[in-house]
Amino acid sequence: GGTTFDSGTERVRIDSSGRLGVGVNSFHDTSTRLQLQSPGSDHTGIVITAAATSTLSYIYFGDTADKDIGRLVYENSSDSMQFYTNNAERLRIESNGNVKITTGTQYKGLNVCKADGGIVAELVVGWW
């Protein structure tokens, strides 16, 4: 394995099986491929920054047969977040807080909106 040190303190660990750890002394379990841990009581985060306001930020989930069959996408141009399963968008949170569920190329189902400081939920029977 390899390690990177800063002022004598290990900061990054790559073990013999290729697992990457940042700020960790040991890995959670054998299936962990990437583990991040902050020191002390600090928060831990991952930042994904797109190249421009018209591009996407995303995380893909899948297997060797289909590496992006599931995904989490942030569309910077509309400030919306989309959730994909089985290679199709299933849920969208719009910039105004509306939540839309889709069963195909158009949205239908549940629409949750913030209105006048309260939450309004409506069941939409048709397409919109």
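Accessible area, 1.4 Å probe, largest first: how do Val73, Val99 sort?
If we order Val73, Val99 from most to least accessible, we get Val99, Val73.
Tally Lys/Arg at +1 and Asp/Glu at -1 over every other residue whose Cβ is under 15 Å from the Cβ of Ser54; what's the total?
-2
Determine, for each peptide in 52-62, 34-44, the mean count of other beta carbons within 10 angstrom over its residues, then list the peptides with the highest first.
Going by the mean number of other Cβ atoms within 10 Å, highest first, we get 52-62, 34-44.
What is the spin-label model distance, in nm, from Tyr60 to Val22 if the labels are put 7 Å beyond Cα along the C-beta direction?
Rounded to a tenth, the inter-label distance reads 2.0 nm.
Once you have the Cα-Cα distance between Thr32 and Asn76, take 0.36 nm times their residue separation minus that, and quote the gain in nm to one decimal.
Extra length from Thr32 to Asn76 when fully extended: 12.8 nm.
For the pair Ile69/Ser95, report the inter-label distance in nm, with labels modelled 7 Å from Cα in the Cβ direction.
It is 3.4 nm.
For Arg71, what accessible surface area do you get with a 1.4 Å probe? Give it in Å², rounded to 10.
Solvent-accessible area, nearest 10 Å²: 40 Å².
Local charge sum around Phe83 (other residues, Cβ-Cβ under 10 Å, Lys/Arg +1, Asp/Glu -1)?
Taking every Cβ under 10 Å from that of Phe83, the sum is +2.
The values are calculated or read from the model by the stated rules, or taken from the named source; none is laboratory data. Remember, it's a predicted structure, so these values are computed and weren't measured experimentally. Positions of Cβ are backbone-derived with ideal geometry, glycine not excepted, and every protein chain shown enters the neighbour counts. Quick note on the areas: whole protein, heavy atoms, side chains included, nothing else; ligands and nucleic acids left out. Shrake-Rupley method; radii C 1.70, N 1.55, O 1.52, S 1.80 Å.
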